[in-house]
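First comes the structure, then the notes that go with it.
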Amino acid sequence: AVSLSGRHFLKLLDFTPEEIRYLLDLSAELKAKKHAGEPHRYLEGKNVALIFEKTSTRTRCAFEVGAADLGMHAVYLDPSASQIGKKESIEDTARVLGRMFDGIEYRGYGQERVETLAEYAGVPVWNGLTTEFHPTQMIADVLTMEEEFGRDGMRGRKVTFMGDAGNNVGNSLMVVCAKLGIDFCACGPAEQMPSDELVKTCRAVAAETGATITLTPDVDEGARGASVIYTDIWVSMGESSDLWGERIRLLSPYQVNAELMAKAAPDAIFMHCLPSFHDRETTIGEEVYEKFGLPELEVTDEVFEGPQSRVFDEAENRLHSIKAVMYATLK
Ligand code: CP
Ligand code: NVA
């Protein structure tokens, strides 16, 4: 039987397909309990610390509500209100928090920061997004796909990430697909692809699970036959807003619109980790609109609000899957 007790959750490359399967099943089980109103305070009395060096809506709320549902207390630390990285190193922060808490979530910059935290904390550390990876998002995403196509129903299907395929979400989607035997396609310009090193690592994993990994700049090829069309914002947190002009030039051909969705499989669904830029009624949206005149960016409003969109199921599943990650590693 699989046990993840005491483990860190830093990137999915560290986990076997069986361990990922276990987290998916646990997420579905916890979701059913939540919907049935069945209490599941399995970790009563434990405490978790949530470090956010970047902003968040879904991930923070999923950790806080998930912790409360499991009977735990959560302490939120935002970068401006703690000493982390300014007056105190990651190593020292890790050793202090490790004495007080049973588990630590970290969202921030380089993957090496969360790895260092894990090395020194002495308690499980969970990656809530780094520049390179967003692993908790992937458990929610595959759960969402399986709710559509059946448990284990993704094997042999094609998942395509459109646009900034080398960002944390694109990288992580390639990893989870390779691990689970799902055909993955990164569709975007050469400049925005996952690194050669990560592609090589994932191809080696895929060779064992029977998955394929395709990189293509061609939208027709990327969309053709895909069961899932996935995209993400064109400029990620931590990147300069000066990049918008260049990214719009490079990524506009990969905008997920009705014409592109029509090229995918007839039963295809649309996914997006969110936040999304289909709606310019946001501060950054207005800025980009004023500068470049584009009302819609990586996805059109029509697709985002349309019948193929699963984005809010996906957002809800962040709660159930993050709860599964905390429970599995702390029990
Ligand atoms: N998808 C996601 O991680 O959203 P937040 O940035 O709101 O946490
Ligand atoms: N790629 C995005 C994901 C946000 C959840 C970012 O890093 O900003």
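The values are calculated or read from the model by the stated rules, or taken from the named source; none is laboratory data. Nothing here was measured: the structure is a model prediction, and the numbers come from that model. We place every Cβ from the backbone using ideal geometry, glycine too, and count neighbours over all the protein chains shown.
Flag set for Arg41, criterion: more than 16 Å from ligand 2 (Cβ to nearest atom), part of a loop (DSSP other than H, G, I, E, B) and not aromatic (Phe, Trp, Tyr). The criterion of at least 3 residues that are β-branched (Val, Ile, Thr) and more than 20 Å from the chain's Cα centre (by Cα) is met by the following helices (runs of 4 or more DSSP H) wholly inside region 54-169: 90-100. Once region 235-255 is narrowed to residues that are more than 16 Å from Phe133 (Cα to Cα), surrounded by 15 or more Cβ atoms within 10 Å (Cβ to Cβ) and not hydroxyl-bearing (Ser, Thr, Tyr), the residue that is farthest from ligand 1 (Cβ to nearest atom) is Pro253. One residue stands out in region 152-177 among those that are β-branched (Val, Ile, Thr) and over 19 Å from Ala207 (Cβ atoms): the one that is nearest to ligand 1 (Cβ to nearest atom), namely Val169.
Cβ-Cβ contacts under 7 Å between residues 6 or more apart (or on different chains), taken from a first residue in region 287-298 that is under 19 Å from Asp232 (Cβ atoms) to a second residue that is aromatic (Phe, Trp, Tyr) and not in a loop (DSSP other than H, G, I, E, B), are listed as Val288/Trp244; Phe292/Trp244; Pro295/Tyr289.
Taken over region 225-278, residues that are within 13 Å of ligand 2 (Cβ to nearest atom), among the polar types (S, T, N, Q) and either in a helix (DSSP H, G or I) or without any contact (Cβ under 8 Å) to a residue 40 or more places away in the chain (or both) amount to 2. Is it true that Asp232 is surrounded by fewer than 23 Cβ atoms within 10 Å (Cβ to Cβ) and assigned by TED's automatic domain parsing to the domain that holds Gly188? Criteria not met by Asp232. Quick one: would you say Glu296 is assigned to a helix (DSSP H, G or I) and more than 18 Å from Phe161 (Cβ to Cβ)? Spelling it out, it is not the case that Glu296 is assigned to a helix (DSSP H, G or I) and more than 18 Å from Phe161 (Cβ to Cβ).
When region 54-95 is filtered for residues that are out of contact with any helix residue (DSSP H, G or I) (no Cβ under 8 Å at 6 or more places or on another chain) and over 20 Å from Tyr109 (Cβ atoms), the ones remaining, listed by number, are Glu64, Ala68, Gly71, Val75. Residue-level analysis places Lys291 outside the set of residues that are in the same structural domain as Lys31 (by TED's automatic domain parsing) and away from ligand 2 (no atom under 16 Å from the Cβ). Taking the criterion of being farther than 23 Å from Met237 by Cβ and out of contact with any strand residue (DSSP E or B) (no Cβ under 8 Å at 6 or more places or on another chain), the only residue of region 97-111 that qualifies is Arg99. Taking the criterion of being in contact (Cβ under 8 Å) with a residue 40 or more places away in the chain and either surrounded by fewer than 16 Cβ atoms within 10 Å (Cβ to Cβ) or in contact with a Cys (Cβ under 6 Å, 6 or more places away or on another chain) (or both), the residues of region 176-209 that qualify are Glu191, Thr209. The residue of region 128-151 that is surrounded by the fewest Cβ atoms within 10 Å (Cβ to Cβ), among those that are touching a residue at least 24 places away in the same chain (Cβ under 8 Å) and away from ligand 1 (no atom under 16 Å from the Cβ), is Arg151.
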